[in-house]
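The values are calculated or read from the model by the stated rules, or taken from the named source; none is laboratory data. Quick caveat: nothing in here was measured; it's all calculated off a predicted structure. All Cβ positions, glycine included, derive from the backbone under ideal geometry; neighbour counts span all protein chains shown. Side chains included, ligands, DNA and RNA excluded: accessible areas come from the protein's heavy atoms. Shrake-Rupley method; radii C 1.70, N 1.55, O 1.52, S 1.80 Å.
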Amino acid sequence: MPQLDSDLLRTFLAIVEAGSVTGGAARIHRSQSATSLQLKQLEAVIGQPLLARHGRGVVPTSAGERLLPVARRVTGALDAALASFRTDEIAGRARIGIAEDVARGVLADVIAAFCRAHPRMELEVHCALGDDFEGALARGQLDLAVYEVPEVSPTQERLRTERLVWMTSRAHDAARRDPLPIAVFDRACWWRDVALADLSAAGRTYRTVFTSESGIGVRAAVAAGMAVALLAESVQEEDLIALPEIASARPSHLVLDVTRDARGAATDALCAAIRGALSQRLTGSSHRS
């Protein structure tokens, strides 16, 4: 009877996260031909194509989308289990950047648990909007970071992808005002740029009535009826509804970015804990929806 192999699942994840077979091969340090062969072996086990060509890269098919959370759970659990047997070996210091909206969720508990499990590790955690994390990594000011990007580079590991959706309060009439009142981030960031481009494409006149460094603040302004805003689809709850007349074509990708110099047992264990936490969170969200 065919069985799923964790090594094949890792290869599948690497290709999906890189967006191409070539990029995936580089991540797992294998040749492109060996990586393609492993993908074919996994597809033979599943009995369906898992990836489809898209532009210069590949994207998951419907079967691939179903396999993704399974692959993340399995590999994350194996990595976390291995790390737990290497507790005595894990020591040192890691500087981490975490986008504040992500830090509010399960990752705060993960970091606390990691520190308890590995008391010889010293973590320096920076919570911020995340717009400068890529630069901080390049300058050697951070060792790893979890943040949102408009496009995933070959060196970044995609943890999840969300649609960006224009939202308004269900209980207020902000969406019917002219000019349209909007809430945005109060400094230059790609998310703000996308929001303004969406409004221009829709031909909507607008005025900025609320600015914030925090996604929490922007969402609060929308819920209060002050404004409409471009937000991640996952924050939509009963008090917020989508505005279909304003569309956003660009998704947001949550990535794990690690500098090459920071690679090692300690960083690998922390990355495994982060992957496992996000996998559990995504699985829980899908069960609730």
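Only helical DSSP H runs with n ≥ 4 go in: add -39500 (n - 2.57) per run for the chain, normalise by residue count and round the 222 nm mean residue ellipticity to 500 deg cm²/dmol.
On the way: 9 runs with 121 residues, N = 289.
It lands at -13500 deg cm²/dmol.
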Across region 215-227, in residue order, what do the Karplus-derived ³J(HN,Hα) couplings come to in whole Hz, using 6.51 cos²θ - 1.76 cosθ + 1.60 with θ = phi - 60° and x for Gly and Pro?
-> x, 4, x, 4, 5, 4, 5, 5, 4, 7, x, 6, 7
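Please report the relative contact order for region 147-289, taking Cα pairs under 8 Å with a sequence separation of at least 6, and give it as a percent rounded to a whole number.
Working: 228 pairs, mean separation 56.2, N = 143.
About 39 percent, as a whole number.
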Please turn the phi angles of region 153-158 into ³J(HN,Hα) values with the Karplus equation 6.51 cos²θ - 1.76 cosθ + 1.60 (θ = phi - 60°), one per residue in order, whole Hz, x for glycine and proline.
-> 7, x, 8, 9, 9, 6
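Among all stretches of the chain without exposed GluC sites (Glu not before Pro) (DSSP loop, at most 12 other Cβ atoms within 10 Å), which one is longest?
Details: sites that count: E151, E237, E238, E245.
Counting at most 12 other Cβ atoms within 10 Å as exposed, the longest clean stretch of the chain is 1-150.
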Looking at (i) 0.97; (ii) 1.06; (iii) 1.00, which value of Rg/Rh (Cα atoms, Kirkwood Rh) comes from a calculation on the structure shown?
-> (iii)
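State the extension gain, in nm to one decimal, for the chain segment bounded by L78 and R163, taking 0.36 nm per residue of separation less the distance between their alpha-carbons. Please report the intermediate quantities before stating the final value.
On the way: separation 85, 0.36 × 85 = 30.60 nm, distance 2.96 nm.
Going from the current span to full extension adds 27.6 nm.
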So who's got an amide H within less than 5 Å of the one on L231, skipping anything under 5 residues away but keeping other chains? H placed 1.01 Å off N, in plane.
-> V165, W166, M167
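How much of the DSSP beta bridge set in region 144-289 is antiparallel, as a percent to the nearest 5? List each step's numbers first, then the result.
Working: 19 of 26 bridges.
Just about 75 percent of them are antiparallel.
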Quick one: accessible surface of M226, probe radius 1.4 Å, all protein chains present, in square angstrom to the nearest 10.
-> 80 Å²
For the chain, the longest principal axis of the Cα atoms and the Cα long axis of helix 6-18 enclose an angle in degrees, to the nearest 10, of 40 degrees
Applied in sequence order to region 92-101, the curve 6.51 cos²θ - 1.76 cosθ + 1.60 (Karplus, θ = phi - 60°) yields integer Hz couplings, x standing for Gly and Pro, of x, 9, 9, 9, 10, x, 10, 4, 4, 5
Could you tell me what percent of the DSSP beta bridges with both partners in the chain are antiparallel, to the nearest 5?
-> 55 percent
Could you calculate the contour length gain from A202 to S31, that is, 0.36 nm times the residue separation minus the distance between their Cα atoms, to one decimal place in nm?
-> 57.0 nm
